[in-house]
Structure formats: structure tokens, C-alpha cells
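Q: Please read through the structure below; I'll follow up with questions.
The values are calculated or read from the model by the stated rules, or taken from the named source; none is laboratory data. Predicted model, so just to flag it, every value in this text is computed and none were measured. Note: ideal-geometry Cβ built from the backbone for every residue, glycine included; neighbour counts use all protein chains shown. Keep in mind that these areas ignore ligands, DNA and RNA; they rest on the heavy atoms of the full protein, side chains included. Shrake-Rupley method; radii C 1.70, N 1.55, O 1.52, S 1.80 Å.
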Amino acid sequence: MKKYFSLVTFSHTIFAMPFAFIGFFLAVTTTAHKFEWQKLLLMVLCMVFARNSAMAFNRYLDRDIDIKNPRTKVRDIPAGRISPAAALTFTLVNCGLFLAATWFINPLCFYLSPVALLVVMGYSATKRFTALCHLVLGLGLSLAPIGAYLVVTGEFNILPLLFSLSVLCWVSGFDIIYALQDEDFDRSEKLHSIPAYLGKVKALNLSSFLHVLSAAFIIMPVFFTHVGIPYYLGIGVFCSMLYYQHSLVKPNDLSRVNFAFMTTNGIASVVFATLFLIDRLWIR
């Protein structure tokens, strides 16, 4: 089990899962739908199964690339801790479990489940043909809040869409920062990424622009629903972490990329989601 947790980098669930809780409780507190433990459990299971599928498939598909890259050759498949066949089997099992979980939620979630899998798993192939791969990753994680909202309501709404757009820009921006580490490798292997295409300076500028958009989308819900002081505090923390993240990474100094990637983004998502949930209780 420890090996498979490592394969899917389970700790990175900290990025999307808090926004799934935001989407779920946004639906519970702004619509006539009531809280149900069964739906909450099914939502969490869907998040876990979808992410397991995406990450395991990414490791499977990238195994030949990872073994060449000094940064990634220690991953589980190149290092021989998990076989490619086992990773693919793990992927297929989690895909099946995800589809099964959506069956028990509502028809719309079940009908959209193959689309969701296509998006989150399709990211793994995009670096082979487009530098916009970071945006595809952002799109995959952005399904969390709107998907969780659909679990409760079975209907689309602009409010969860705003959170999804924020996640799209946030994740795309920090993935560009993370990809700075592989700029030279990507060029040598003819792989596509924003840093390899634009260079470090312009890539960081684009990342900053995406994070400004992310902050804007986080602020926009205040114009569509009633929020209290905790939500405004959450905005402050989220935006501060985005700013701090960019202060840590410079074109000529990438030594703190991992700290910027894991720590600041983890704080941003968990603290913001916590304050969001407190706000939902505050205004009720």
C-alpha cells in the first residue's frame, strides 16, 4: 500500500480535495439540497479514485521519460519498486471504481464520468505535443469543485464554476513553476512545456498572470452570494500564498521550487477551504 501511495503521490491530494469540499458544502448551503453523509463519502471516493487513475496512468505513460530524467528516475516504476503492468492494472481498477461510485450518485455524474476520466488522464499525453499541458492539468483539477457541486445538486451553477476557474488558473500557474526544473531536459527530449517554449523569465511572468486571474476568480463569489468575515480572511491567505510563492522562485534561483510547490500551495488550499467552511457556518 505504501508503494502505491508513493506511485500516486497521495500527499498531493491536498491541492484538489479541499476545493471538492468547497463545492460540496457550497451546494449544501446555497441550495435547497440537504447534507447527506452518503453523498459526501461518494464524493471523496470519486476524488480518490479519479486521482489514483490519473497519477498512476501518468507514471505508466511517462516511465520511459522518467528513467532519463535525473529528477524523476527515482520514481517507483523507473526504480523498479512497481512494475509497469502493476501500475496499469492499478489504473484500470481505479477507473472502474470511479465509474461505479458515480453510478450511485446521480445520472448526470455517471454520464459525465467518462469525460472526467478523459480529462484527468489525458493530461499525461499532452506534454508530447503541446506546451499548454499545464492548462490541461489545471483543467483536470478544476473539475473538483464543480464535480462536488453536481454530486449534491445534479445541476450546473455559476458559483462552483468560479471556484473551478480559480483552480484552473492556480494549478496551471504553479505547474509552470514546477516545470522550470525540467526546462533543459524537456528541450533535449523535444517535450513541450511553457518553460521550454518561453524560457524561465517569460514562463514566470505567465505564471504570475495566471495567479492574478486565480485570485480574481476567488474574489468574484462575493458578488454572487452572501459571505462573511472568514471568507474575506480566506481570500487574504490564498492571495498572500500566491504572492509568497512567486517571491521564492527566481529565474536564476530554483532552489526553493519544491517548497513553493508543496508548502505554499498546501497552505493556500487547506486554509482557504477551512475558512470557507467556517464562513458557511458563520452566515447560517
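Residues are listed down the side, and each one gets a yes or a no for (1) of a type in the set (A, V, I, L, M, F, W, C); (2) within 22 Å of Ser124 (Cα to Cα); (3) at pLDDT below 95:
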position: Asp175; (1), (2), (3): no, yes, yes
position: Ser207; (1), (2), (3): no, yes, no
position: Ile218; (1), (2), (3): yes, no, no
position: Phe238; (1), (2), (3): yes, no, no
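Q: Now for a separate question. Exactly one condition in (1) under 21 Å from the mean Cα position of the chain (by Cα); (2) under 29 Å from Ala27 (Cβ atoms); (3) among the polar types (S, T, N, Q) is not met by Thr263; state its number.
A: Of everything listed in (1) under 21 Å from the mean Cα position of the chain (by Cα); (2) under 29 Å from Ala27 (Cβ atoms); (3) among the polar types (S, T, N, Q), Thr263 misses just condition (2).
Q: Condition first: crowded, with 19+ Cβ neighbours inside 10 Å, among the aliphatic types (A, V, I, L, M) and touching a Phe, Trp or Tyr at 6+ places or on another chain (Cβ under 9 Å). Now tell me which residues in segment 131-158 satisfy that.
A: Ala131, Val136, Leu137, Leu139, Leu141, Ala144, Ile146, Ala148, Leu150, Val151, Val152
Q: Are there any pairs with C-beta distances below 6 angstrom linking a residue in segment 171-196 that is without any contact (Cβ under 8 Å) to a residue 12 or more places away in the chain to a residue that is of a type outside the set (Asp, Glu) and crowded, with 22+ Cβ neighbours inside 10 Å, with the two at least 6 apart or on different chains, and if so which?
A: Cβ pairs passing all conditions: Arg187/Ala196.
Q: Let me ask another. Going through segment 212-232 one residue at a time, which ones are touching a residue at least 60 places away in the same chain (Cβ under 8 Å) and assigned to a helix (DSSP H, G or I)?
A: Pro221 - this is the single residue of segment 212-232 that is touching a residue at least 60 places away in the same chain (Cβ under 8 Å) and assigned to a helix (DSSP H, G or I).
Q: Does Tyr244 satisfy the condition of being closer than 18 Å to Phe19 by Cα, surrounded by fewer than 19 Cβ atoms within 10 Å (Cβ to Cβ), of a type in the set (Ser, Thr, Tyr) and free of Cβ contacts under 8 Å to residues at least 24 places away in the same chain?
A: No; evaluated as a whole, the condition is false for this residue.
Q: Please determine whether any residue of segment 14-21 is at pLDDT 90 or above and over 12 Å from the mean Cα position of the chain (by Cα).
A: Checked segment 14-21: at least one residue is at pLDDT 90 or above and over 12 Å from the mean Cα position of the chain (by Cα).
Q: Still on this structure, please answer the following. Of these, Ala116, Ala100, Ala54, which one is part of a helix (DSSP H, G or I), in contact with a Gly (Cβ under 9 Å, 6 or more places away or on another chain) and over 14 Å from Val151 (Cβ atoms)?
A: Selected residue: Ala54, the only one of Ala116, Ala100, Ala54 that is part of a helix (DSSP H, G or I), in contact with a Gly (Cβ under 9 Å, 6 or more places away or on another chain) and over 14 Å from Val151 (Cβ atoms).
Q: Another question about this same structure. Tell me which residues, restricted to segment 119-130, are in contact with a Leu (Cβ under 8 Å, 6 or more places away or on another chain) and either open to solvent by less than 20 Å² (accessible area, probe 1.4 Å) or in a helix (DSSP H, G or I) (or both).
A: Val119, Val120, Tyr123, Ser124, Ala125, Thr126
Q: So in segment 17-35, with the set limited to residues that are outside any helix (DSSP H, G or I) and in contact (Cβ under 8 Å) with a residue 24 or more places away in the chain, which one is most open to solvent (accessible area, probe 1.4 Å)?
A: His33
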